[in-house]
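The values are calculated or read from the model by the stated rules, or taken from the named source; none is laboratory data. This is a predicted model, so every value here is computed, not measured. Here Cβ is always computed from backbone atoms with ideal geometry, including for glycine, and neighbour counts include all displayed protein chains.
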Amino acid sequence: MSFVELFMKAEHVLRPRLSFVSPSLYTKLYSNNRSAFLRLLYSLQNNPYYTPSPSLSKTLWGIHFQQPLFNAAGMFKNGEGYEFVASQGAGAYLAGTSTSRPRNGNHKNGIHHPFTTYPKSKTASNWLGLPNYGHKEIHNNISKIQKVEGCPIGISVSSAPEIESIIALKELLEGLYMFQDSQVDFIELNESCPNVAGHTKSDSVLDEHLIERLTEIATNFLSLRNRNLPVIVKFSNDTSPTQIPELIDTLIQFGFDGVNFGNTSTQYAKYREKIHFSEQYRYDYFTQTFGGGLSGEILKQSSQELSTIAVNHLKTITDRKEFHIIRTGGIDSINDMNQTENSPSLYQWYTGYFEHLSQHGLAIYKEFYEGYSPRI
Ligand SMILES: Cc1cc2nc3c(=O)[nH]c(=O)nc-3n(C[C@H](O)[C@H](O)[C@H](O)COP(=O)(O)O)c2cc1C
């Protein structure tokens with residue numbers, strides 16, 4: 001086991017015992033050192049590579065996924081770390097979220113890219129603000145990846161929230177064409193990030209700006225694709241269940257290929273009671289100082305509910321092209337991803353991934369699937 005893996009294991013044991021550290025110092029510690037640590041971590045590789053059992057593999061949209069679980073967006077923002085997850089046996093690799101222009105992300109009270117964890121509650125908060133190098137540089141990084149069979153490449157993209165919407169849309173379309181001209185296998189359109197100004201509020205996913213954007217993308221990109229390049233749309237885990245049927249009908253009608261539920265939550269009051277009492281002071285500090293998005297265990301129920309409604313609605317639509325539901329939010333065990341015909345097709349994880357990584361190191365997917373045999 002490498003030094004970095006040992007460090008993660010030790011930190012995992014220590015983290016829940018840090019409740020005496022002030023919330024601002026704790027947040028500073030976890031935010032300001034995070035990028036440097038991740039750079040070190042992502043330079044590691046499993047040797048030899050772990051290959052999941054062929055019984056776990058899936059072919060969706062004509063693309064081979066060696067198993068159905070992989071990282072959620074935001075983990076490899078700039079197209080780094082492909083070998084890191086491919087060597088672990090990830091089902092795919094998702095880069096981004098990428099925007100047309102580079103973004104520095106959020107900085108406040110001397111804290112760069114604010115992030116904190118509530119380890120006893122298996123939950124985290126972040127207010128990073130979509131930091132990334134921009135489409136061009138990320139496209140360049142992706143071009144250097146040596147693809148591994150069964151671990152396709154996805155890119156999460158978003159319109160740049162800081163610029164006027166017409167220009168942002170034009171630049172988003174340019175980005176989509178840029179990634180079409182790359183070895184990217186699928187695209188995830190991020191319509192749900194709460195950490196940047198200008199995105200839709202969580203309970204109004206079918207607002208007119210969303211429909212406008214989707215129409216433009218459908219007309220000027222989806223119908224003109226020159227190769228197999230599925231585009232899925234990711235919404236918040238705060239999406240209202242009542243909107244899902246309409247949302248799915250709209251996406252299918254526009255020619256999208258899937259939907260992901262979903263992104264982080266901003267329902268701070270609703271989830272406060274699910275946070276361990278000893279971590280609530282840190283929760284209050286973070287949500288009141290930065291806001292940001294909540295991730296991890298607290299999203300398990302919403303992602304389960306939203307993806308189930310989506311799968312059930314999809315089954316009622318008979319005359320349609322291939323379309324898949326992806327579940328993200330609170331995935332941290334094989335029990336969260338039963339592979340039956342009523343299940344989502346794919347799963348993504350972020351908070352649970354790091355939880356498992358700190359316990360099991362690079363053997364993360366091997367450990368995850370140990371003793372598991374899929375039902376279909
Ligand atoms: C630190 C951090 C950064 C994230 N960055 C992005 C991002 O750039 N784009 C995006 O669509 N989602 C982003 N997310 C949301 C995750 O992709 C995922 O939807 C969310 O964390 C719920 O999954 P989880 O409960 O497994 O963590 C981020 C989450 C975290 C914790």
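Taking only segment 69-109 into account, find how many residues are away from the ligand (no atom under 14 Å from the Cβ), farther than 25 Å from LEU176 by Cβ and in contact with a helix residue (DSSP H, G or I) (Cβ under 9 Å, 6 or more places away or on another chain).
The qualifying residues number 6.
Yes or no, residue by residue, for (1) closer than 26 Å to ILE167 by Cα; (2) surrounded by 14 or more Cβ atoms within 10 Å (Cβ to Cβ):
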site: THR215; (1), (2): yes, no
site: THR219; (1), (2): yes, no
site: LEU224; (1), (2): yes, no
site: ILE232; (1), (2): yes, yes
site: ASN237; (1), (2): no, yes
site: PRO245; (1), (2): no, yes
site: THR250; (1), (2): yes, yes
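Could you grab me the full set of residues in segment 128-159 that are out of contact with any helix residue (DSSP H, G or I) (no Cβ under 8 Å at 6 or more places or on another chain), farther than 12 Å from PHE179 by Cβ, touching a residue at least 60 places away in the same chain (Cβ under 8 Å) and within 12 Å of the ligand (Cβ to nearest atom)?
LEU128, GLY129, LEU130
Any residue at all in segment 5-23 that is within 16 Å of the ligand (Cβ to nearest atom), at pLDDT 90 or above, surrounded by fewer than 19 Cβ atoms within 10 Å (Cβ to Cβ) and closer than 30 Å to GLU370 by Cα?
Checked against the condition, which is being within 16 Å of the ligand (Cβ to nearest atom), at pLDDT 90 or above, surrounded by fewer than 19 Cβ atoms within 10 Å (Cβ to Cβ) and closer than 30 Å to GLU370 by Cα, segment 5-23 yields no hits at all.
I'd like the full set of residues that are touching a Phe, Trp or Tyr at 6+ places or on another chain (Cβ under 6 Å) and polar (S, T, N, Q), limited to segment 250-294.
THR287, the sole residue that qualifies.
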